[in-house]
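The values are calculated or read from the model by the stated rules, or taken from the named source; none is laboratory data. The model shown is predicted, which means the values in this text are computed figures rather than measured ones. Backbone-built Cβ (ideal geometry, glycine too); neighbour counts: all protein chains shown. Quick note on the areas: whole protein, heavy atoms, side chains included, nothing else; ligands and nucleic acids left out. Shrake-Rupley method; radii C 1.70, N 1.55, O 1.52, S 1.80 Å.
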Amino acid sequence: MKQPSGYHLAELNVGRLLAPTDDPRVAEFMANLDRVNGLGKRMPGFVWMMEGSGEPGTGNTENAIGGDPQFVANLTVWEDVASLEQFVWGTIHKQFYERRQEWFELLGDQHFVMWWVPNGHRPGLDEALERLERLRRDGPSEHAFGWAELKQASKWRDNRCAEVAAG
């Protein structure tokens, strides 16, 4: 899937913490959240991050999902596929990604989606969740897709999680 001219790449990743944010089982994740998000914001190709990305929603934040305080939604926009891929698998983020099963429940449904947004557009969580639902329901398309549809992506092939271990 080729990036259209005048568009950036949006991504949503959803997870559910194994325990409340003040529980020792998720303390390491919570302690490093600002560090990893801060790194992402300084990466070449970073465009935008939803307020509270990666933080559990409490119903009072923009990233709340279904009122469940243990759900985590990360919504970002990147200039291109290479920029996002470099952040995900070419920085310390990879170490946390590889350890996600220590902090997050195994989700049975697809939990990650990407789509193209016009330059300058900042998607909201509702829009992103609709894209995720579309991917779950209809499979990959121009409207909603995953890494496999991006021929220019390469790092994900060596670092992706097995379907049964996604989470």
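Some notes on this structure:
- Once C-alpha pairs closer than 8 Å and six or more residues apart are averaged by separation and normalised to the residue number of the chain, the relative contact order reads 30 percent.
- Calculated on the alpha-carbon coordinates, the convex hull of the chain measures out at 106 cubic angstrom per residue.
- Listed residue (P123, V88, Q110) projecting farthest to the positive dipole end of the range 74-157, Cβ model: V88
- Per-residue HN-Hα couplings for the range 143-153 [Karplus 6.51, -1.76, 1.60; θ = phi - 60°; Hz; x = Gly/Pro]: 6, 7, 8, x, 4, 4, 7, 9, 4, 6, 7
- The heavy atoms of W116 present about 20 square angstrom of accessible area, all protein chains included, probe 1.4 Å.
- Residue-by-residue Karplus 3J(HN,Hα) for the range 15-22, coefficients 6.51, -1.76, 1.60, Hz, glycine and proline x: x, 10, 4, 5, 8, x, 4, 8
- Approximating the spin labels as points 7 Å out from Cα along Cα→Cβ, the L107-to-S141 distance works out to 2.1 nm.
- Split the accessible area of the chain by element, probe 1.4 Å, and carbon with sulfur accounts for 48%.
- 1.4 Å probe accessible area per residue over the chain, in Å²: 51
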